[in-house]
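Pasting a structure below so you can have a look.
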Amino acid sequence: MRGQRRPTGLPWKRALASLGLVGILLGTAACGGDDGDDNSSGGAGPEGISEQGDPVSGGEITVGLEAETNSWLPGEYAGGNSGTTVAYALYDPLMKRTADGEFKPFLAESMEPNADFTTWTLTLRPEVQFHDGTPLNAEALKTIFDDYLMAPTSNVRNTLAEVSALNVVDDLTVEYVLKETNAAFPDVLTGSPGWPFSPTAAAAGGEDAGANPVGTGPFSFVSWQRDSNLVLEKNENYWQDGLPYLDGITFRPIPDEDTRLASLQSGDIDVMQTLRQSTVAKAREVDGVDNYEYLGNNSGVSIINTTKPPFDDVRVRQALAYGIDQPALIDVIGGTGLTPDATQYFSPDSPFYSEKVAEAYPTYDVEKAQELYDDYINDPQRSDGQPVGTDLSFSYNCPPDPTLNELSQLYQSFWSALGIDVKLNTVEQAAHIQNGLAKEYDVQCFRVGAETDPYFTLKNAFSAGPLNFTGYSSPVIDDGLETLRTTTDIAERKAAVEAIGMDIAENVPNVYTGYTLTDVAVGEQVKNVDGWVFPDDSEGDGVPGATTMWGYVWLAE
């Protein structure tokens, strides 16, 4: 899916443009692919976007990020969208998503399965080098896989648990041998397990390798001052001729949304990313700024820890869901007129979106919420062991953002009306994520969904593993995941996703607000932000989640 450019202001339902597996365009369509003479989209932008012009080489830009990242070494890397956008400058993904939502080789030259999807053969492009001059070859992939990605401390070890071996076939070819059938496996190599880095440099760097990244990407590492700036320079030996256009990029984490936007307005930075609806709305009003927006499968939610009482009882979770007014929540985060109510893990444009699930998901009904709540607290067998009639009390956690604080207060208001004592806690982002991983929380604000294959999105969220933040699972979900794992038949896969969605709608391990509209807002001098293409000139997926393929971006003269 192409990232959308600035919408025309029409209501979102009139602006939807379905383009395949992921993402939607609001308003006008993005520029088309290149003319075959360069690696850009070029030309004039659509309504709301400045004219793109022809590619220009040279110049440097500064990018304001939502957050800092812990490490740049895959296996240690635990970055969110802000980390991923930096990674696309340092690393090339082996696989990437097309504008039609298919997975296609990017750094890899080809990737083909055997008949039952248990072995995937990947061939690399010849003569690609890491930034340190060492070759990207099959032995490098083997070392990365064995020594780093599958190390006991690796945070992608679980993601790759289905791979029994990575075998070297020849100098440029490897086989990923799976323990069982997986038709969705190529998606794994779009993320950090598919970002090759120099094993030679990693070995030399030791414990500091994550602070000195060496990839094959369009830009190479210069310096990193944590929480201040990461400086990159043009990779003069990049494997794609003519790229990158820029001479360098400086990435600056600026966690405060208003400060980041003000920095763009003042020219202190050239680009900013945001996943906050209120900031997207504000950025639309800034003169001299182009907005590259994207509405995909990511949505804001409150996740519920189903592993502890009283949240192990579905009546409590349903009461929380029926007790909130989604449009009011969306209004608080500035999403009114920007995003639809979320009801499931896939947005309305996705082929995996289900109207049946949308209709089944709880809508605001105070009487029903109160009935469910009262039924639980007056049950002598209530799971929390409290005396009959005792009201619930729990903590609601969220990071220290003004908009999120207001959102938390509205959740508190809705649930307090039922008789619940809701205590609000402000938790820094890093601790917030760790609390989710460790399930050391009651209810907390979060984001769910991804532009990944439904098998991985739903497997991570609802099967055993660290990314099952709610702790919820069920036989219905397990059966659906088995279907997604073993077939590429689109009708069967849609039916499986719908069955999973119906189970989630009934058992509400999380309650939704709205889908997350993201934005890469840039000064008009920054061009081709969403116009990246594959080496064969086929169109890429734009700017999903406010991430950018920086090798294709240029500065206008």
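All of the numbers you see were taken from the coordinates with simple rules; none came from a lab. Values in this document were obtained by computation on a predicted structure and should not be read as measured data. Heads up, the Cβs are rebuilt from the backbone with ideal geometry, glycines too, and the neighbour counts pull from every protein chain shown.
What is the distance, in nm, between label points placed 7 Å from the Cα along the Cα-to-Cβ direction at Asp478 and at Thr426?
About 4.4 nm, to one decimal.
Hey, another quick one. What ranking do Thr483, Thr363 get, fewest neighbouring Cβ atoms within 10 angstrom at the top?
Listed from fewest to most nearby Cβ atoms, that is Thr363, Thr483.
Could you tell me the center-to-center distance, by alpha carbons, between the range 156-235 and the range 510-542 in angstrom?
23 Å
To the nearest 500 deg cm²/dmol, what mean residue ellipticity at 222 nm is calculated for the chain from DSSP H runs of n ≥ 4 alone, each contributing -39,500 (n - 2.57), summed and divided by the residues?
Value at 222 nm, helices only: -7500 deg cm²/dmol.
Below 14 angstrom from the Cβ of Gln409, what's the summed charge of the other residues (Lys, Arg +1; Asp, Glu -1)?
-3
Mind putting a number on the dipole of the chain about its Cα centre? Charges go on the C-beta only, +1 for Lys and Arg and -1 for Asp and Glu, and I need it in Debye to the nearest 20.
Computed charge dipole of the chain: roughly 920 debye.
May I ask for the angle, rounded to the nearest 10°, between helix 490-507 and the longest principal axis of the chain, with both axes built from Cα atoms and the value confined to 0 to 90°?
40 degrees
Over what distance in Å are the Cα centres of the range 265-310 and the range 58-131 separated?
Comparing the Cα centres of the range 265-310 and the range 58-131, I get a distance of 23 Å.
Within the set of other residues whose C-beta is less than 12 Å from the C-beta of Ser347, count the net charge using Lys and Arg as +1 and Asp and Glu as -1.
-3
Here is a further query. Using the structure shown, list the pairs from Lys104/Lys439; Lys142/Lys234; Lys104/Lys494; Lys179/Lys439; Lys142/Lys439 with a Cα-Cα distance above 25 Å, or answer none.
Lys104/Lys439; Lys142/Lys234; Lys179/Lys439; Lys142/Lys439
Please give the contour-minus-distance gain from Asp116 to Tyr364: 0.36 nm per residue of separation, less the Cα-Cα distance, rounded to one decimal in nm.
Contour length minus the Cα-Cα distance gives 84.7 nm.
Compute the relative contact order of the range 296-516 as a whole-number percentage, counting only Cα pairs closer than 8 Å that sit 6 or more residues apart in sequence.
About 38 percent, as a whole number.
Let me ask something additional. From the Cα gyration tensor of the range 276-430, with a ≥ b ≥ c the square roots of its eigenvalues, which class applies: rounded if a/c is under 1.5, or else prolate if a/b is larger than b/c, or else oblate?
prolate
Set Lys and Arg Cβ to +1 and Asp and Glu Cβ to -1, take the dipole of the range 327-449 about its Cα centre, and tell me which of Ala369, Pro400, Pro348 lies farthest positive.
Projecting each Cα onto the dipole axis, the largest value belongs to Pro400.
Tell me the relative contact order for the chain as a rounded percent, counting alpha carbon contacts under 8 Å between residues six or more apart.
Averaging sequence separation for qualifying contacts and normalising by length gives 23 percent for the chain.
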